[in-house]
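One structure below.
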Amino acid sequence: EVQLVESGGGLVQAGGSLRLSCAASGFRFDDYAIGWFRQVPGKEREAISCIISSTSTTFYADSVQGRFTISSDGAKNTVYLQMNNLSPEDTAVYYCAADSHGKFWYTPRCRAYEYEDWGQGTQVTVSS
């Protein structure tokens, strides 16, 4: 069974940093793309960053480009999201998700509706 578990969220002051982890199990990690998404109440789930595990090619949303870095550790079946220079606008529940078609992609697709399996999320709160 596919399982994704997020960790690393918490409360941080504006300008601070957090590193989120997404631990994956139950599937062939290198065949997949892994994405990070976030959601606040009443708004659509927003794509933040995605990575093709086999090639480490990445996508970043404009809102986080230059501040966030996604990385993949195949040996640990874990994807990380390093978040720097956080602002209150980054406050959300952060989810990781997996797409089994990642190995066929030239560049990462990073639309929430395309992803098949989801973790339960980790809360990130940034105070002003």
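The values are calculated or read from the model by the stated rules, or taken from the named source; none is laboratory data. Every value quoted in this text rests on a predicted model; they were computed, and no experiment measured them. A quick note on method: Cβ atoms are made from the backbone with ideal geometry, for glycine too, and the neighbour counts reach across all protein chains shown. With ligands, DNA and RNA removed, areas are computed over all heavy atoms of the protein, side chains included. Shrake-Rupley method; radii C 1.70, N 1.55, O 1.52, S 1.80 Å.
Results, tabulated for the structure shown:
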{"quantity": "Label point distance in nm, Y113-H101, each placed 7 Å from Cα along Cα→Cβ", "calculated": "1.2 nm"}
{"quantity": "Gyration tensor (Cα) of region 46-98, equivalent ellipsoid semi-axes in angstrom", "calculated": "20, 11, 10"}
{"quantity": "Cα-based radius of gyration of the chain once divided by 2.2 N^0.38 Å, which approximates compact folds", "calculated": "0.97"}
{"quantity": "Accessible area per residue in Å² at 1.4 Å probe, computed on the chain", "calculated": "52 Å²"}
{"quantity": "Distance between region 1-32 and region 66-128 - C-alpha centres, whole angstrom", "calculated": "7 Å"}
{"quantity": "Residue among G26, G35, G15 with the largest mean-square fluctuation in a Gaussian network model of the chain, springs linking Cα atoms under 10 Å", "calculated": "G26"}
{"quantity": "Value of relative contact order over the chain, rounded to a whole percent, pairs C-alpha under 8 Å and six or more apart", "calculated": "36 percent"}
{"quantity": "With every protein chain in place, region 1-73: carbon and sulfur % of accessible area (1.4 Å)", "calculated": "44 percent"}
